[in-house]
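Input: a single structure, listed below in structure tokens.
The values are calculated or read from the model by the stated rules, or taken from the named source; none is laboratory data. Predicted model, so just to flag it, every value in this text is computed and none were measured. Cβ: placed from backbone, ideal geometry, glycine included. Neighbour counts: every protein chain shown. Each accessible area value is taken on the protein alone, full model and side chains, heavy atoms only, with ligands, DNA and RNA left out. Shrake-Rupley method; radii C 1.70, N 1.55, O 1.52, S 1.80 Å.
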Amino acid sequence: MAHEVTIRPVGPGDAAAVGVVVEESFGDQAASILDVLALLRSAADLRVELVAEDEEGILGHVALSRAWLDARERLVDVLVLSPIGVRPARQGSGTGTALLAAAVQAAAAAGAPLVFLEGAPGFYAERGWGVASDHGLERPSLRIPDPACRVVLLAGHEPWMTGRLVYPDVWWRYDLVGLRDPDLAEVESALGTD
């Protein structure tokens with residue numbers, strides 16, 4: 001039976017349900033991700049936070065946080081999409097795709113010129129996310145395989161906006177930028193980039 005899914009901004013009563021989505025989606029990293037989300041909220045660096053819900057409750061979550069592009073001309077405010085999660089029982093239902101589309105739409109409405117993410121190349125390519133390096137954009141860490149650093153160029157993007165993506169400090173403090181071995185080596189091997 002198909003469920004009608006609604007995408008909406010996170011509300012004040014959604015914290016517990018968002019926590020469940022993050023825990024079910026990210027396992028061992030969930031606590032760190034929830035800590036990062038709390039710190040981003042408190043520093044006003046969390047720009048967009050959306051949930052997907054149906055009659056059974058919240059089944060997905062996505063966040064966009066502030067980051068910068070270190071371009072030659074100047075620093076450019078950009079957004080990073082992370083995390084995005086869908087409860088395992090609802091994965092493959094189009095919920096993640098709907099959250100991605102809503103997040104890009106929200107980023108465009110906020111005037112962001114670029115949105116970045118780290119993720120599975122095939123999944124995101126099928127949903128319109130290009131390889132960042134194809135646009136003169138550098139990944140913030142060599143621990144992100146080049147094909148996994150993805151970007152969407154929005155209306156505010158200009159040709160001079162090239163350079164390195166710079167994540168806020170909180171992502172580094174929790175070591176949530178890229179992957180570490182043995183996971184990194186496994187992904188690189190699967191992508192043929194090792």
Which helices (runs of 4 or more DSSP H) sit wholly inside the range 79-194 and have at least 2 residues that are among the small types (Gly, Ala, Ser) and buried (at least 17 other Cβ atoms within 10 Å of the Cβ)?
95-109
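In contact with a helix residue (DSSP H, G or I) (Cβ under 9 Å, 6 or more places away or on another chain) and at pLDDT 95 or above: is that true of Arg164 in this structure?
no
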Would you please list the contacts, defined by Cβ atoms under 8 Å and residues six or more apart or on different chains, that run from a residue in the range 59-71 that is of a type in the set (Phe, Trp, Tyr) to a residue that is modelled with pLDDT of 95 or more and open to solvent by 10 Å² or more (accessible area, probe 1.4 Å)?
Trp68/Leu75; Trp68/Asp77; Trp68/Val166
For the range 24-40 the number of residues that are under 17 Å from Gln91 (Cβ atoms) and among the small types (Gly, Ala, Ser) is 3
Among Arg47, Arg74, which is the only one that is open to solvent by 30 Å² or more (accessible area, probe 1.4 Å) and in contact with a strand residue (DSSP E or B) (Cβ under 8 Å, 6 or more places away or on another chain)?
Arg47
Which pairs do you get when a residue that is on the phi > 0 side of the Ramachandran plot, found in the range 1-28, comes within reach of a residue that is open to solvent by 50 Å² or more (accessible area, probe 1.4 Å) and modelled with pLDDT of 95 or more, reach meaning Cβ atoms under 9 angstrom, with the pair 6+ apart or on two chains?
none
Quick check, is Ala38 free of Cβ contacts under 8 Å to residues at least 24 places away in the same chain, closer than 14 Å to Pro168 by Cα and either within 16 Å of the chain's Cα centre (by Cα) or loosely packed, with under 14 Cβ neighbours inside 10 Å (or both)?
yes
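Has the range 24-34 got any residue that is touching a His at 6+ places or on another chain (Cβ under 9 Å) and open to solvent by less than 60 Å² (accessible area, probe 1.4 Å)?
Of all residues in the range 24-34, those touching a His at 6+ places or on another chain (Cβ under 9 Å) come to 25.
Adding the requirement that they be open to solvent by less than 60 Å² (accessible area, probe 1.4 Å) leaves 25.
Scanning the range 24-34 turns up at least one residue that is touching a His at 6+ places or on another chain (Cβ under 9 Å) and open to solvent by less than 60 Å² (accessible area, probe 1.4 Å).
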I'm trying to understand the selection: among the residues of the range 45-59, which are over 17 Å from the mean Cα position of the chain (by Cα) and assigned to a loop (DSSP other than H, G, I, E, B)?
Glu55, Glu56
